[in-house]
Amino acid sequence: MYLPEQAWPDLTEYVETESLAVVPIGSTEQHGPHLPEGTDHLIAEALARAATDRTDVLCTAPLRIGVSSHHRQFPGTMWVDPLVFRDFVENFSRNLTYHGIDRIVYVNAHGGNVAHLREVGKRLHDDETAYALEWMWDESIPDVLEEVFETPGPHGGPKETAMIMHIANELVHGDRLEDARDGGAVFDFDAERVHGATTFYDTIDNSENGVFGDQTEATPEIGERLFEAATEQLVALLEWLDAQPLEALMPQPHVARTGSQ
């Protein structure tokens, strides 16, 4: 059930019996010379819509701008500061709870959002307002990614390229895949550390064109396989969360002190 397409009486019927909502969250940022700037939010929304269509769970409108200042050197990248992002998502989530939602899954497709969504979830959990989880598609299917790609790439690589080929192939510049590979880098986190310290802040410090991995490995067929595998994982998560008693999701009571000092 896609919230923007519903009339309010239909939404009233939903919250009378259900309390789970899915929020697609991504970014608008550079994804190399071959992919659209909307790559992350396109993936998040497509997965959220597919999983909620299969489960009849409520899906909100997507949040399309995230924490992306580390891509700022590339034209078109948009971002908000982390504090603004956290406050917006928290307020948005509290808006949902006003209407009767007490479980939320942030279907997130941008790594820069992860820590901040976890922080929002903790705030909502600590004051027993709601139980909110951050979920990333690629982290749900590591075995599949390892099977189909030698180097999936953390950003703009073959995994995201394949997903967009499946979701919106008309937005992929297929004639630039080799340029993306040759002008990018193979990300090696250990190699980017000096005496144990992470020394970079911006993507351009590691990749001249902003992407990593071998994009020529991507195909629409692989994208479809990744999409279906991730959707199955998201459906399973929604079904699990929906079945949990709310009290089991809320904070545990303070540990009672026993004995004497």
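For the range 250-261, indicate whether the set of residues that are within 27 Å of residue 169 (Cβ to Cβ), open to solvent by less than 40 Å² (accessible area, probe 1.4 Å) and in contact (Cβ under 8 Å) with a residue 12 or more places away in the chain is non-empty.
At the first step, the residues of the range 250-261 found to be within 27 Å of residue 169 (Cβ to Cβ) are none.
No, because not a single residue in the range 250-261 is within 27 Å of residue 169 (Cβ to Cβ), open to solvent by less than 40 Å² (accessible area, probe 1.4 Å) and in contact (Cβ under 8 Å) with a residue 12 or more places away in the chain.
Would you point out which residue out of 64, 49, 72 is of a type in the set (Lys, Arg) and touching a His at 6+ places or on another chain (Cβ under 9 Å)?
On the way: 49 fails: touching a His at 6+ places or on another chain (Cβ under 9 Å); 72 fails: touching a His at 6+ places or on another chain (Cβ under 9 Å).
Selected residue: 64, the only one of 64, 49, 72 that is of a type in the set (Lys, Arg) and touching a His at 6+ places or on another chain (Cβ under 9 Å).
Which pairs have Cβ atoms under 6 Å, sit 6 or more apart or on different chains, and link a residue in the range 33-49 that is among the hydroxyl-bearing types (Ser, Thr, Tyr) to one that is crowded, with 23+ Cβ neighbours inside 10 Å and outside any loop (DSSP other than H, G, I, E, B)?
39/31; 39/160; 39/164
Give the residues of the range 82-123 that are within 16 Å of the chain's Cα centre (by Cα), among the hydrophobic types (A, V, I, L, M, F, W, C) and crowded, with 18+ Cβ neighbours inside 10 Å, sorted by residue number.
85, 89, 104, 105, 107, 109, 117, 120
Touching a helix residue (DSSP H, G or I) at 6+ places or on another chain (Cβ under 8 Å) and among the β-branched types (Val, Ile, Thr): which single residue out of 107, 114 fits that description?
On the way: 114 fails: touching a helix residue (DSSP H, G or I) at 6+ places or on another chain (Cβ under 8 Å).
On inspection, the qualifying residue turns out to be 107.
Just give me the residues in the range 4-28 being over 16 Å from residue 102 (Cα atoms) and touching a residue at least 12 places away in the same chain (Cβ under 8 Å), in sequence order.
Result: 4, 24, 25, 26, 27, 28.
Which members of the range 116-147 meet the condition of being free of Cβ contacts under 8 Å to residues at least 12 places away in the same chain and either of a type in the set (S, T, N, Q) or closer than 17 Å to residue 26 by Cα (or both)?
Going through the range 116-147, the residues free of Cβ contacts under 8 Å to residues at least 12 places away in the same chain turn out to be 122, 127, 139, 142-143, 146-147.
139, the sole residue that qualifies.
Can you tell me which of 44, 7, 61, 50 is among the small types (Gly, Ala, Ser) and in contact with a strand residue (DSSP E or B) (Cβ under 7 Å, 6 or more places away or on another chain)?
Values: 7 fails: in contact with a strand residue (DSSP E or B) (Cβ under 7 Å, 6 or more places away or on another chain); 61 fails: in contact with a strand residue (DSSP E or B) (Cβ under 7 Å, 6 or more places away or on another chain); 50 fails: in contact with a strand residue (DSSP E or B) (Cβ under 7 Å, 6 or more places away or on another chain).
44 is the lone residue from the list that is among the small types (Gly, Ala, Ser) and in contact with a strand residue (DSSP E or B) (Cβ under 7 Å, 6 or more places away or on another chain).
Check residue 207 against each of (1) of a type outside the set (D, E, K, R); (2) assigned to a helix (DSSP H, G or I); (3) buried (at least 16 other Cβ atoms within 10 Å of the Cβ); (4) more than 20 Å from the chain's Cα centre (by Cα) and name the one condition it does not meet.
Exception for residue 207: condition (2).
Pairs under 8 Å by beta carbon, first residue on the phi > 0 side of the Ramachandran plot and buried (at least 24 other Cβ atoms within 10 Å of the Cβ) in the range 148-160, partner among the hydroxyl-bearing types (Ser, Thr, Tyr) and in a helix (DSSP H, G or I), six or more apart or different chains?
156/39
The values are calculated or read from the model by the stated rules, or taken from the named source; none is laboratory data. Note that the structure is a prediction, hence the values are computed from the model and not measured. Methodologically, a virtual Cβ is constructed for each residue, glycine included, from the backbone with ideal geometry; neighbour enumeration extends over all protein chains shown. When the accessible area is computed, the model is the full protein with side chains, heavy atoms only, and any ligands, DNA or RNA have been set aside. Shrake-Rupley method; radii C 1.70, N 1.55, O 1.52, S 1.80 Å.
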